[in-house]
Amino acid sequence: MELPLGPCDDSRGWDDDSDSESETDPDAQAEAYVARVLSPPKSELATLRPSQLSTPASSPSASGPRAASKVSAVSEPGLLSLPPELLLEICSYLDARLVLHVLSRVCHALRNLVRDHVTWRLRAQRRVRAPYPVVEEKNFDWPAACIELEQHLSRWAEDGRWAEYFCLANGHISSIDSVLLLQGGALCLSGSRDRNVNLWDLRQLGMEPSQVLVKTLGTDRFSTHKGWVWSLAAQDHCVCSGSWDSTVKLWDMAADGQQFGEIKANSAVLCLSYLPDILVTGTYDKKVTIYDPRAGPALLKSQRLHSSPVLALLADDQHIISGSEDRTLVVVDRRANRVLQRLQLDSYLLCMSHQDMQLWTGDNEGLLHVFTNRDGCFQHVRSFNVGHRSHITGIQYSLGALYTTSTDKTLRVHVPTDPPRTICTRRHDSGFTGVCAEGNLVVAASGGLSLEVWRLQA
């Protein structure tokens with residue numbers, strides 16, 4: 001529908017030179033508007049050059065400068081004159097790392113926009129379209145989380161069709177029960193029921209099998225240990241292996257995997273945690289034991305914290321956390337040297353993974369449980385059924401990725417939302433017994449004598 005003309009629309013008024021309002025230069029008005037409304041703060045504006053200013057209409061040469069000024073008025077606002085919502089929309093099509101590390105260096109306006117955590121929160125939630133994270137701590141690192149999320153979703157897009165798959169089946173003659181990636185995924189260790197710890201060079205994936213399998217650790221002709229190898233842990237270039245032969249052996253990867261120490265425990269070593277100042281073991285005799293790996297290693301303390309074997313263990317600078325077949329989770333304060341908490345659970349935990357204040361665990365019923373550390377007190381916040389029908393044997397959690405393995409013969413790749421969203425599933429006829437992810441590599445141990453490896457897009 002065409003609207004009727006009003007007084008302001010009368011075409012006769014456009015050429016009336018007698019109207020004092022006509023003396024106003026439209027280009028000057030446009031520039032003033034841009035400067036007042038659309039441009040960034042004054043600290044971001046460059047000073048206008050004299051050549052960009054228009055001359056009064058009464059000047060004989062007004063038409064030339066006005067034309068030049070009109071071109072300048074169109075180009076001057078640029079990208080920064082756009083509303084923040086449009087800038088964020090444009091940035092959403094760029095790689096998160098580029099936005100964080102490159103755009104932030106262009107100018108103050110973009111730096112302030114990129115450093116705003118609300119920007120990254122909105123971006124992350126737009127990507128996952130679900131409540132995220134499960135627990136948001138006070139200093140949650142939104143930029144890092146967003147980068148990890150986008151990388152994880154990209155690598156496993158379309159059910160992981162772009163991930164390269166390798167099966168390393170020529171190193172062990174019995175089930176593999178532990179796996180550990182080293183040096184950003186360049187090297188891998190596997191512990192097996194054949195009593196051996198094998199070292200693999202994953203930089204040689206796709207080459208002859210003899211090039212991938214480097215060696216079996218130890219000087220014994222037949223085996224690394226005298227019992228099943230059940231657990232592995234590392235600190236920098238030092239690695240330890242725990243076995244059902246009641247020993248922990250320490251290996252120096254910087255010295256070609258030479259053994260530099262051994263701990264003789266009183267019972268089978270089922271789980272390990274290795275820090276620069278302590279090495280912690282969880283054993284079949286229900287004890288959690290602390291050693292100093294720098295001295296001997298020397299025994300510092302041993303305590304029976306459970307009424308059944310210790311199956312899962314984690315340690316950091318403040319706490320030692322252990323899970324047992326007695327269905328308890330015990331938290332020890334390292335500094336006060338005392339038990340802080342003893343949580344009774346409905347199932348027993350088989351594996352743990354933590355980052356920052358979140359602790360993710362897997363149990364014997366195929367469920368995931370999330371705990372958070374609030375003011376030094378661990379609280380159970382959520383439980384999830386992610387599709388596993390049996391024991392969860394391995395878990396690895398980070399800000400943007402979650403991997404789980406189970407005796408139900410599946411490895412599942414998730415996004416750690418609330419609830420976790422499974423984006424890829426892999427199966428193995430003999431089941432999976434553990435998982436480790438680092439860099440662009442994911443390695444799963446299987447009961448079928450093989451290591452299953454996925455090399456993701458870099």
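The values are calculated or read from the model by the stated rules, or taken from the named source; none is laboratory data. This is a predicted model, so every value here is computed, not measured. Cβ placement follows ideal geometry from the backbone for every residue including glycine, while neighbour counts extend to all protein chains displayed. Accessible surface is based on the protein model in full, side chains and every heavy atom, while ligands, DNA and RNA are left aside. Shrake-Rupley method; radii C 1.70, N 1.55, O 1.52, S 1.80 Å.
Quick notes on this structure:
- Globularity index of region 162-456, i.e. its alpha-carbon radius of gyration over 2.2 N^0.38 Å: 0.94
- For the peptides 175-182, 269-276, the ranking by mean Cβ contacts within 10 Å, running from highest to lowest, is 175-182, 269-276.
- Database remark: amide H of ALA233 closer than 5 angstrom to the amide H of CYS240 (H placed geometrically; neighbours at sequence offset of 5 or more, or on other chains; Pro and chain starts carry no H).
- Peptides 138-150, 97-109, ordered by how many other C-beta atoms sit within 10 Å of their residues on average, highest first, read 138-150, 97-109.
- Charge dipole (Cα centre; +1 on Lys/Arg Cβ, -1 on Asp/Glu Cβ; no other charges) of region 162-456 amounts to roughly 420 debye.
- For the pair VAL102 and ALA157, the difference between a 0.36 nm per residue extended length and the Cα-Cα distance amounts to 17.2 nm.
- Of the solvent-accessible surface of region 377-458, computed with a 1.4 Å probe over protein heavy atoms with every protein chain present, carbon and sulfur atoms account for 45 percent.
- Each of LEU149, VAL212, PHE222 was scored by the projection of its Cα onto the charge dipole of region 128-270, and the greatest displacement toward the positive side belongs to PHE222; charges sit on the C-beta of Lys, Arg, Asp and Glu.
- Using alpha carbons only: equivalent-ellipsoid semi-axes of region 344-458, gyration tensor based, whole Å: 23, 17, 12
- Rg in Å to one decimal, and Dmax rounded to a whole Å, for region 305-376 via C-alpha atoms: 11.4, 34
- 3J(HN,Hα) from dihedral phi, region 345-356, Karplus parametrisation 6.51/-1.76/1.60, rounded to Hz, x for glycine, proline: 10, 8, 8, 9, 8, 10, 7, 9, 8, 9, 8, 6
- Spin-label proximity, LEU79 to region 108-126 - amide N less than 16 Å from point 7 Å beyond Cα toward beta carbon: 108-115
- Taking every protein chain into account, the accessible area of region 162-456 amounts to 40 square angstrom per residue (probe 1.4 Å).
- Dipole check for region 309-381: with +1 at the C-beta of Lys and Arg, -1 at the C-beta of Asp and Glu, and the Cα centre as origin, the magnitude is about 260 Debye.
- Radius ratio Rg over Rh of region 195-254, counting only Cα atoms, Kirkwood formula for Rh: 1.00
- In this structure the amide hydrogen of ARG421, modeled in the peptide plane, comes within under 5 Å of the amide hydrogens of VAL415, none closer than 5 places in sequence on its chain.
- Spatial offset of region 237-253 relative to region 155-189 amounts to 21 Å, using the alpha carbon center of each.
- For the pair region 339-361 and region 384-458, the centres of their Cα atoms are 19 angstrom apart.
- Rounded to whole Hz, the Karplus (6.51, -1.76, 1.60) HN-Hα couplings of region 170-187, x for glycine and proline: 10, x, 10, 10, 8, 3, 9, 10, 8, 9, 8, 8, 10, 6, x, x, 5, 10
- Considering region 231-341, its Cα convex hull presents a mean projected area of 6.2 nm².
- Cα centroid separation, region 255-309 to region 117-139 (Å): 38 Å
- Computed from backbone phi with θ = phi - 60° and the Karplus coefficients 6.51, -1.76 and 1.60, the 3J(HN,Hα) list for region 205-217 is 4, x, 8, 4, x, 5, 7, 7, 7, 7, 6, 9, 5 Hz; x is used for glycine and proline.
- Rounded to the nearest 20 debye, dipole of region 363-410 from Cβ charges on Lys, Arg, Asp, Glu: 100 debye
- For TRP156, TRP228, the ranking by accessible surface with the largest value first comes to TRP228, TRP156, using a 1.4 Å probe.
- Between the amide H of LEU340 and those of VAL331, VAL332, ASP333, distances stay under 5 Å, these residues lying 5 or more places away or on another chain, with hydrogens modeled in the peptide plane.
- Mean separation of Cα contacts under 8 Å, 6 or more apart, over the residue count of region 162-456: relative contact order %: 14 percent
- Rounded to two decimals, the Cα radius of gyration of region 80-156 over 2.2 N^0.38 Å is 1.09.
- Solvent-accessible area of region 80-156 (1.4 angstrom probe, protein heavy atoms only): carbon and sulfur portion equals 56 percent.
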